[in-house]
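Please read the structure below before turning to the comments.
What follows is calculated from the coordinates using simple rules that are stated; it is not laboratory data. Bear in mind that the values here come from a model prediction, so they are computed numbers and not experimental data. Please note: Cβ atoms are built from the backbone with ideal geometry, for glycine as well, and neighbour counts cover all protein chains shown.
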Ligand SMILES: Nc1ncnc2c1ncn2[C@@H]1O[C@H](COP(=O)(O)OP(=O)(O)OP(=O)(O)O)[C@@H](O)[C@H]1O
């Protein structure tokens, strides 16, 4: 299996990305990059002899709506064929991790059937403020810019919306938010591959898509449908993230594959897609999401925090290479 470093630089580091003199080298990368990459640079044979710094200037890549302004940066939709596989948890953690990697990040909760971002990142205590041209100012949470349908309407009202009403409201939420000049906007999509999801994916300026699944066969079948939907829309697939891959017993360390083994990896391979991570079932992760105290920030040294950062680093690099190669 390719190492972390080889996955970020499958063809080695391009010469023109390296500057510096004497013993100091600066790695200038066009995507979010931070700690895990720095650590791995310092483990690479000859490269480890230099003092490395990373200078990341996130390039705004072409998206599926070339005529729309690129102010919201690279739009990454996080989707799942099946509900409850952890799509919102992955969206929140990827957004926080990309921000930890130095990027300016927004998070749009478009999950109409159960906007869970307000629970995971804290509820709004007042209506969003409006700018002079009547756009809503997003909330700021842990350094990222967040907006959710859950900040505007009662959850019970939103869940009865159907078809055009739902996709219309979601597009408006995207357009009527005064997003600052972002590097990445993570969109937590409603689960499934029906009309709402299709319309959203067509109307938003999407740069790439992440599909979240558990290794369970029912989730996998639905994840396949998600991949097929993005392929049909010519939206580049960044990869598959397998959540709840196993449970590690805190007493004896035994790893139990509660939902089966390797299913996410298998569909990634079948569709020639990268695996962006295999995150375990974790009580600490769930607690941290329920309590608006993200594990990544509270316990950055935790093994799962490191896995999340690595996944975000894969997402940033894969998105860049795929978009560049698709032009
Ligand atoms: N790796 C994990 N370990 C433990 N609990 C998790 C993990 N991932 C998600 N959860 C928990 O599972 C529940 C469902 O997660 P989440 O809301 O992220 O799923 P979803 O796919 O977005 O659901 P929906 O279909 O409702 O949008 C939440 O309570 C969340 O805290």
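Rounded to the nearest 0.05, what FRET efficiency do residue 258 and residue 38 have when you use their Cβ-Cβ distance and R0 = 45 Å?
For residue 258 and residue 38, the calculated efficiency is 0.85.
Using 7 Å Cα-to-Cβ label points, what is the residue 125/residue 221 separation (nm, one decimal)?
4.8
Could the peptides 224-230, 45-51 be put in order, highest first, of the mean number of other beta-carbon atoms found within 10 Å of their residues?
On the way: 224-230: 19.7, 45-51: 11.1.
Top to bottom by mean Cβ count within 10 Å: 224-230, 45-51.
Efficiency by 1/(1 + (r/R0)^6): what FRET value for residue 140 and residue 284, r their Cβ-Cβ distance, R0 = 22 Å, to the nearest 0.05?
0.35
Roughly how tilted is helix 303-326, in degrees to the nearest 10 and between 0 and 90, from the longest Cα axis of the chain?
90
Any idea how far apart residue 228 and residue 15 come out in nm if each label point goes 7 Å out from Cα toward Cβ?
Distance between the two pseudo-spin positions: 4.7 nm.
How tilted is helix 87-100 with respect to the longest principal axis of the chain? Cα atoms for both, answer in degrees (0 to 90, nearest 10).
Helix 87-100 and the main axis of the chain meet at about 50 degrees.
What does the extension gain come out to for residue 306 and residue 176, with contour length at 0.36 nm per residue minus their alpha carbon separation?
Full extension from residue 306 to residue 176 adds 43.3 nm.
Multiply the residue separation of residue 272 and residue 152 by 0.36 nm, subtract the distance between their alpha-carbon atoms, and state the gained length in nm to one decimal.
39.2 nm
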